[in-house]
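Please read the structure below before turning to the comments.
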Amino acid sequence: MSTLEPPTKVDAERADIPVPEIHDLANRLRFAPQQGRIWLDDQRMMLMHVSSLGALRQELIESLGKETARGLITRIGYQAGASDAKMAKKLRSGSNTLDSFLAGPQLVSLEGIVHCEPVSLDIDVGNGRYYGDFYLLDSAEAEAHLASYGLGEEPVCWMLVGYACGYTSTFMGRPILWRELECKCTGHTKCRVVGRPAEEWGEDAHDDLRFLQIGDFVKFNPTPGERLPATARLAALDQVSAENDFGMVGISSGFSTVCHLVKKVAPTEATVLFLGESGVGKEIFSHNLHRLSTRTGGPFVAVNCASIPEQLIESELFGVERGAFTGATVSRPGRFERAHGGSLFLDEIGTLSYTAQGKLLRALQEGEIERVGDSRVRKVDVRVIAATNVNLRDAVKEGTFREDLFYRLNVFPIRVPPLRDRRDDIPLLMNWFMRRSCTKHRKTITGFRERAVDALINYRWPGNVREMENLVERAVILADEGGALDLCHLFTTGEEVTDTTFTVQRNGALLQASEMADLEFGQREGPLRPLADTEARMLRMALAEAKGNLSLAARLLSISRPTLAYRLKKYNIT
C-alpha cells in the first residue's frame, strides 16, 4: 500500500480542538446482567476478550490469507462505524457539527476499542468538505496483532480504519476514505489515521477501496466529485428502514426464524398453525403468509372464533340455508365459501365447540362443507391458517379439543416468540410505533428520554407487541408537542416496571440505574423500589419545588395539569 503523506498544513502536535464531555454518551451505556445483555442507547453490545479478537484475526489471516482477512475485518469495522454515526446524530441532535461528529471517536473509546485524539479536523457537511487527522492511543486491535505477530512492516488497524470510513461516510453523506499512516505494529509510539473524500486520494484510492467493496460493484474511477459505489451503498444501509419486506419490524433471531419459516411454507398448500401468546402478531404473519403464497390473488378471510357465540359458529363458518328449520329468511354463504380460492384464517381456534371441530375436520380433509339446514355438499378450495394462544396438546389431553383435528392442523406449526424473548426488537418497535403514532395524531415528538428507554427495555410485556403499540400511542397523545416521551407518559395504568440495569458513573464504576436516579434527585434510600413509590416521590418533589403551584409542577414533570391532578388524587397527595 502506498503511503501518501498528510497535507503540509497539518502540524504534528495536537491542535486545540475542543472535545465535548463524554458523560452524555456514557449515561447511555447500560448493563443488564440478569438478561445477559449490554445496551448502548438502543443498540445491543457485547464485551469481548482482546485475546479472542487476536485469535480470530490470526485464524482469518492464516486460513484465508492476509488480503481476504483484511477485507472482512475492515468491513466489520465499517458496519460498526455506520451504526455509531446514526447513534451519534440522535444522541447529539441539538449540538453543533463538531460536537456531534466527535461523538464517534468518543463512542469507539466508550466501547473499549481505542482512545482517539484529534490532531486536525476540518468539517463542513453542507459543502461536503472533510479532512481529519487523529492519533489512536492504546488500540486494542494493534495490541491483539502484536501479541500474535510482533512488529511488522505494514499498519494493521484494519477494523479501526473501516470504522472511521463507515462513521465518517455516513455522517457526511458521501464516501470518506481513511488511511493509517503510523501504527504501533510498525514501531511507532502510537497509531495515526488520516481521512478525506475518496476522490482526493487520487489513483491510490484503489489500494484501499478493494477492502471495502462487497459483491460485484462497479469499479471506481476516481474523478472529482464521483462517489464510490461500494461505500455509497454501505453508507446508505444506515438509512434503510427497520421494516422488512413483511411490513414488520424486527432483527432478533426469534423474529427472523418466524419470517424464514413463513417464506418457506408460503408457496406450498400446507395448513399452517401459528402458536404464541396474545398480541405477538400471529394475524399479521398470517396476512403475509397469504400474500407470499400462490393464492395471493384470492380472498383472505379472517374470523376470530372466540368472538362468535357458540350457537352461531357453524353458520358463520359453513353458511346457512333459507328455510323454516333454520329460521333464516335468506341463504347466506359462510366464511369457507367466501374464502374459496384464497386463505381462511381461524384465530383462537382452541375455542371452537366440539361439534364445530368435527365439521371443520371434514372441511379440511375432504374440501367439502354443508350449510346449516342444507343437505347439499359444496366443494371449497381453501387454505386454512389457524392460530391459538393455548396449548392444544393439553387441550387434547383434557378432552376439549379433538385429537384428529389437532394433527390435521399441526402440519406446519410456527411458534411466534413473546416480546420479552425478542428484546433486540424492542428499540426498533418503540421508535417505529412512535413515528406511526406521530403521523396518525399529527404531533411532533423528539424521541424517548433515557429512563423511558430503560423502562421499555426492562418491562416484561405481558401484552406483547399489541401492548407496546397501544402504550406508545397513548404516550404520544399525552406528551407535549415538540417534547420527548417520558415514564409519566408511558406507564399510566399500573404496569409493574422493574429495573435490572446498571449504568456507568463518572469514575467508571457501575451503579444500578434506579440508584443513579435517586442520586440525581438527591435521595438514595436503600434497595430498588416499586415504580409507584418512585412516581409518588417525584410528584411530591415537584410540588415542593413549585411551592404548591400545580401548573408549574406539571411543567417540571413534562406532563399536563389534568394528568398531574389525576396522579395526585391516585396517590392521595394533597
Highest average packing first - 547-553, 386-392, Cβ atoms within 10 Å: 386-392, 547-553
Compute the distance in nm between two label points, each set 7 Å from the Cα along the Cα-to-Cβ direction, one at R420 and one at V390. 2.2
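Rounded to the nearest 0.05, what FRET efficiency do R338 and M45 have when you use their Cβ-Cβ distance and R0 = 56 Å?
Numbers: r = 50 Å, r/R0 = 0.90.
Given R0 = 56 Å and the Cβ-Cβ separation, E is 0.65.
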How far apart, in nm, are the 7 Å Cα→Cβ label points at D404 and S256? 4.3
What three numbers, in Å, describe the spread of the alpha carbons of the range 250-350 along their principal axes, ordered from the longest? 56, 28, 17
For M45, other-chain or 5+-apart residues with amide H closer than 5 Å (H placed, Pro excluded) are I38, W39, L40
Under 5 Å between amide H atoms, partner at least 5 residues away or on a different chain: which partners does L29 have, H built in plane at 1.01 Å? D41, V504
What is the list of residues in the range 127-170 whose amide nitrogen lies under 11 Å from a point 7 angstrom out from the Cα of T186, following Cα to Cβ? 152-157
Would you kindly derive the ³J(HN,Hα) couplings of the range 61-76 from the backbone phi angles with the Karplus curve 6.51 cos²θ - 1.76 cosθ + 1.60 (θ = phi - 60°), listing them in order in whole Hz, with x for Gly and Pro? 5, 7, 9, 10, x, 5, 5, 5, 4, 4, x, 4, 5, 5, 6, 4
Sorted peptide list for 450-462, 38-50, 109-121, criterion being average Cβ within 10 angstrom, highest first: 450-462, 109-121, 38-50
Put +1 on the Cβ of every Lys and Arg and -1 on every Asp and Glu Cβ in the range 253-416; which of L361, G399, V262 then has its Cα farthest towards the positive end of the dipole? V262
Hey, how many Å between the Cα centroid of the range 75-145 and the Cα centroid of the range 360-431? 51
Would you compute, for the Cα atoms of the range 253-416, the largest minus smallest coordinate along each principal axis and list the three values in descending order, in whole Å? 56, 40, 26
Could you put W178, W432 in order, starting from the residue whose Cβ has the fewest other Cβ atoms within 10 Å? W432, W178
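For a 21 Å ceiling on Cα separation, which of these pairs sit above it: K66/K190; K90/K443; K263/K379?
Working: K66/K190 23 Å; K90/K443 19 Å; K263/K379 28 Å.
Pairs exceeding 21 Å: K66/K190; K263/K379.
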Given H placed on each backbone N at 1.01 Å, which residues far from A302 in sequence or on other chains put an amide H within less than 5 Å of it? F345
Whole-Hz ³J(HN,Hα) from phi, Karplus 6.51 cos²θ - 1.76 cosθ + 1.60, for the range 423-431, glycine and proline x: 5, 5, 7, 4, x, 5, 5, 5, 6
R0 of 51 Å, Cβ-Cβ distance E310-I17: FRET efficiency to nearest 0.05: 0.10
Rg and Dmax in Å for the range 82-141, alpha carbons only: what are they? 11.9, 34
Across the range 359-498, what fraction of all alpha-carbon pairs, as a whole percent, falls in each successive 5 Å bin from zero upward? 2, 8, 15, 14, 10, 9, 8, 9, 9, 8, 6, 2, 1, 0
Could you give each residue of the range 385-390 its phi-based ³J(HN,Hα) in whole Hz, using Karplus coefficients 6.51, -1.76, 1.60 with θ = phi - 60°, and x for Gly or Pro? 10, 10, 8, 7, 10, 10
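For the range 23-237, compute the orientation-averaged projected area of the C-alpha convex hull (one quarter of its surface), in nm². The partial results should precede the final answer.
Working: hull surface 49.3 nm².
About 12.3 nm², averaged over all directions.
Within the P(r) computed for the range 151-190, what percentage of the Cα pairs occupies the region above 14 Å? Intermediate results must be reported in sequence, preceding the final value.
Numbers: 383 of 780 pairs.
Of the Cα pairs, 49 percent sit more than 14 Å apart.
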The FRET efficiency for L550 and E111, from their Cβ-Cβ distance with R0 = 60 Å and rounded to 0.05, is 0.85
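Read-outs: derived from the displayed coordinates by stated rules, not from any lab. As the structure is a prediction and not an experimental result, all values here were calculated from the model. Reconstructed Cβ throughout: ideal geometry from the backbone, glycine too, with neighbour counts over all protein chains shown.
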